[in-house]
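**Student:** Can you keep this structure in mind? I'll have questions shortly.
The values are calculated or read from the model by the stated rules, or taken from the named source; none is laboratory data. In this text, all values refer to a predicted model and were calculated from it rather than measured experimentally. In this analysis, Cβ positions are derived from the backbone assuming ideal geometry, glycine residues included, and neighbour counts consider all displayed protein chains.
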Amino acid sequence: MNKENVRGLIRGPFFCGLPAIFLLLSSFPLIGAEEMYIDAFRPAAHYAHTERENVRVYEGRSYQGLRYRGRRVYLQRSEASRAGSVYRGSVYLIKTLTRDAVRMLQPVDREIQVECRVSPKGFTPIDGTELPVRTGFPVLAEGEISPGDTWKADGIEAVFLDNGELVSQPFHCTYTYRGVQPYMKRTAQIIDFTYTFFESDPYGRKKVALRGKGEGEIALFTGDEGGYFIKERITRHYLENRDIASSEEGFRLTWGRGITLGEIQSLERTMVAALEDNKEEGTPRKTQAQDDTPQPGTPPKETLSQEEGEKAGAGDEAGPPDIEVERTTEGIKLNLPRIHFYPDQAKILPREKDRLDKLARLLKKVPEASFMVKGHTADVGTKESQYELSVERARTIIEEMVERGLGPSRFVYQGLGGDKPVATNDTEEGRKQNRRVEVIILNK
């Protein structure tokens, strides 16, 4: 009988399962019909990792609704040494509780900056800092393995509660290698797994702990594109002072891959070329009078002195390009500088129609991508009002894109208020530059 052998280099613990997976995905040369080898770990320039949970929530035996919980991890290599490459990036947390269905528009609840090191032993945090994601999963056996072989390893689950508290709980996991099989119209190595949480504080000193279990399958794709997909069913019981306070039952999907610098550059060139094509079309712009004419039911243009207003674009005739293209850790950013809204509102001025049409055409060139929309304001007024306005303006951009044929489930959004200025807030010119919306074509 033919036998599929895998020579593994994988050891735990690993950052959100990424090192174990990318060790496998970094090289899959076929030596013969009977064997596959893993040569070495070749870190990618970027990593993208996504988790989505849909669970039913109970307090005691009382059903509370459905909870959507998502995590998006984006890393970029920043330096390399003998100890391994250092990666920096962000973990974006998304969660929603609803009685009926998961919300289509997904707000970012929290962004956490992370830093870790990449080496043949996996991802480890810098200076012993805690990483806010599941670690030590998956872990693969060293040496050759064949279908039916099993092994065990421990990992740590990380769940953020509604109050923002991070609960980290260890678990025992048993893995079973199924072999190489067709999976989602591709070829993959399949691994089944089951795990249970165990007591890390037998004296009950932890305020909140987890009990429960999970089971599922891991697909490690063997083609040039690589990537992985993990599907699992989960049951969690949250214990407070050793009593069950609430429970969750449902499923979690996880996927991601390493992304080469060439892929990033290719998408960047595509966006730049598309913008050049739009310029050559020579679409005439509206006149200032046409742009700023209030529509029925909308307030008139206000003066330059009003806080947080966009001043209806006064003095912007020789402003920056309509859309700017830039690389970021998360992907390719399309910046809309000085986007014109009615003062103190999330309603876009009519003069922006052409720019929004152009943005929609750009996004449609990447039909399988997801997008993050970030709203920014000038640092004027209270922090709370800045944040609320930036969130609403990000949502408005998404609504405009949906009206132009893009699916709402492809978007996540974040309002940052005036926390990330690109210019001084001491001058009107600087405040105009800080009022902007960024749309990021996310790495996947």
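**Student:** Pick from segment 129-157 the residues that are in contact with a Cys (Cβ under 9 Å, 6 or more places away or on another chain) and in a strand (DSSP E or B): which of them is surrounded by the fewest Cβ atoms within 10 Å (Cβ to Cβ)?
**Tutor:** Ranking the qualifying residues of segment 129-157, first place goes to Lys152.
**Student:** Additional query: Given the condition at pLDDT below 90, assigned to a strand (DSSP E or B) and more than 19 Å from Tyr68 (Cβ to Cβ), answer yes or no: does some residue in segment 98-111 qualify?
**Tutor:** The answer is no; no qualifying residue exists.
**Student:** Only one of Val208, Val167 is touching a Phe, Trp or Tyr at 6+ places or on another chain (Cβ under 7 Å) and buried (at least 16 other Cβ atoms within 10 Å of the Cβ). Can you tell me which?
**Tutor:** Values: Val167 fails: touching a Phe, Trp or Tyr at 6+ places or on another chain (Cβ under 7 Å).
Sole residue among the options that is touching a Phe, Trp or Tyr at 6+ places or on another chain (Cβ under 7 Å) and buried (at least 16 other Cβ atoms within 10 Å of the Cβ): Val208.
**Student:** Here is a further query. Filtering segment 244-270 down to residues that are of a type in the set (Asp, Glu) and over 20 Å from Arg56 (Cβ atoms), which residue is surrounded by the most Cβ atoms within 10 Å (Cβ to Cβ)? Reasoning before the result, please.
**Tutor:** Filtering segment 244-270 down to residues of a type in the set (Asp, Glu) leaves 248-249, 263, 268.
With the extra rule that they be over 20 Å from Arg56 (Cβ atoms), the set shrinks to 263, 268.
Numbers: Glu263: 15, Glu268: 17.
For segment 244-270, the residue satisfying everything is Glu268.
**Student:** Something else about it: Please go through segment 409-423 and pick out each residue that is farther than 17 Å from Ile397 by Cβ and β-branched (Val, Ile, Thr).
**Tutor:** Val422
**Student:** Shifting gears a bit: Can you run down the residue pairs with Cβ atoms below 9 Å, 6 or more apart or on separate chains, where the first is in segment 419-436 and assigned by TED's automatic domain parsing to the domain that holds Gly375 and the partner is part of a helix (DSSP H, G or I) and surrounded by fewer than 19 Cβ atoms within 10 Å (Cβ to Cβ)?
**Tutor:** These pairs meet every condition: Asp419/Lys383; Asp419/Tyr387; Pro421/Gly430; Val422/Gly430; Ala423/Glu429; Ala423/Gly430; Thr424/Gly430.
**Student:** Which number in (1) part of a helix (DSSP H, G or I); (2) in contact (Cβ under 8 Å) with a residue 60 or more places away in the chain marks the one condition that Lys374 misses?
**Tutor:** (1)
**Student:** Now a separate question. Looking only at segment 48-65, which residues are surrounded by fewer than 16 Cβ atoms within 10 Å (Cβ to Cβ), on the phi < 0 side of the Ramachandran plot and of a type in the set (Gly, Ala, Ser)?
**Tutor:** The answer is Ser62, and nothing else.
**Student:** Being touching a helix residue (DSSP H, G or I) at 6+ places or on another chain (Cβ under 8 Å), modelled with pLDDT of 90 or more and not assigned by TED's automatic domain parsing to the domain that holds Val91 narrows it down to one residue among Val391, Val373, Val380; which is it?
**Tutor:** Numbers: Val391 fails: touching a helix residue (DSSP H, G or I) at 6+ places or on another chain (Cβ under 8 Å); Val380 fails: modelled with pLDDT of 90 or more.
Answer to the selection: Val373.
**Student:** Could you list all residues from segment 393-418 that are in contact (Cβ under 8 Å) with a residue 12 or more places away in the chain and surrounded by fewer than 15 Cβ atoms within 10 Å (Cβ to Cβ)? Break it down into steps so the answer makes sense when it comes.
**Tutor:** At the first step, the residues of segment 393-418 found to be in contact (Cβ under 8 Å) with a residue 12 or more places away in the chain are 393-398, 400-401, 404-406, 408-418.
Hits for segment 393-418 are Arg404, Gly405, Pro408, Ser409.
For every residue, the table says whether it meets (1) within 26 Å of Ile440 (Cβ to Cβ); (2) basic (Lys, Arg); (3) at pLDDT below 90.
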{"residue": "Pro284", "(1), (2), (3)": "no, no, yes"}
{"residue": "Ala289", "(1), (2), (3)": "no, no, yes"}
{"residue": "Lys301", "(1), (2), (3)": "no, yes, yes"}
{"residue": "Glu310", "(1), (2), (3)": "yes, no, yes"}
{"residue": "Gly313", "(1), (2), (3)": "yes, no, yes"}
{"residue": "Thr328", "(1), (2), (3)": "yes, no, no"}
{"residue": "Arg351", "(1), (2), (3)": "yes, yes, no"}
{"residue": "Leu359", "(1), (2), (3)": "yes, no, no"}
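**Student:** Sticking with this structure for a sec: Just for segment 137-178: of the residues that are modelled with pLDDT under 85 and of a type in the set (A, V, I, L, M, F, W, C), which one is nearest to the chain's Cα centre (by Cα)?
**Tutor:** The residue in question is Leu161.
**Student:** Which of the residues belonging to segment 56-71 are among the small types (Gly, Ala, Ser) and more than 19 Å from Gln106 (Cα to Cα)?
**Tutor:** So the first thing to find is which residues in segment 56-71 are among the small types (Gly, Ala, Ser), and the list is 60, 62, 65, 70.
Those that are among the small types (Gly, Ala, Ser) and more than 19 Å from Gln106 (Cα to Cα): Gly60, Ser62.
**Student:** Among the residues of segment 11-31, is there at least one that is at pLDDT below 70, at positive phi and not in a strand (DSSP E or B)? Talk me through it step by step, then tell me what you get.
**Tutor:** Taking segment 11-31 first, the residues at pLDDT below 70 are 11-31.
Add one more test, that the residue is at positive phi, and what stays is 16-17.
Right, trim to not in a strand (DSSP E or B) and you get 16-17.
Checking segment 11-31: at least one residue is at pLDDT below 70, at positive phi and not in a strand (DSSP E or B).
**Student:** A further question follows. Exactly one condition in (1) aliphatic (A, V, I, L, M); (2) crowded, with 19+ Cβ neighbours inside 10 Å; (3) modelled with pLDDT under 90 is not met by Leu363; state its number.
**Tutor:** Tallying (1) aliphatic (A, V, I, L, M); (2) crowded, with 19+ Cβ neighbours inside 10 Å; (3) modelled with pLDDT under 90, Leu363 fails exactly one: (3).
**Student:** Also, quick follow-up: For segment 367-392, name all the residues that are over 20 Å from the mean Cα position of the chain (by Cα) and either surrounded by 21 or more Cβ atoms within 10 Å (Cβ to Cβ) or small (Gly, Ala, Ser) (or both).
**Tutor:** If the condition is that a residue be over 20 Å from the mean Cα position of the chain (by Cα) and either surrounded by 21 or more Cβ atoms within 10 Å (Cβ to Cβ) or small (Gly, Ala, Ser) (or both), then Thr377, Ala378, Gly381, Ser385, Gln386, Leu389 are the ones that fit.
**Student:** Test Pro120 against the criterion of being in contact with an Asp or Glu (Cβ under 8 Å, 6 or more places away or on another chain) and at pLDDT below 85, and give yes or no.
**Tutor:** Details: in contact with an Asp or Glu (Cβ under 8 Å, 6 or more places away or on another chain): no; at pLDDT below 85: yes.
Answer is no for this residue.
**Student:** Condition first: touching a residue at least 60 places away in the same chain (Cβ under 8 Å) and either of a type in the set (Asp, Glu) or under 15 Å from Thr194 (Cα atoms) (or both). Now tell me which residues in segment 135-168 satisfy that.
**Tutor:** Across segment 135-168, the qualifying residues are Gly136, Phe137, Pro138, Val139, Leu140, Glu142, Glu144, Ala153, Asp154, Gly155, Ile156, Asp162.
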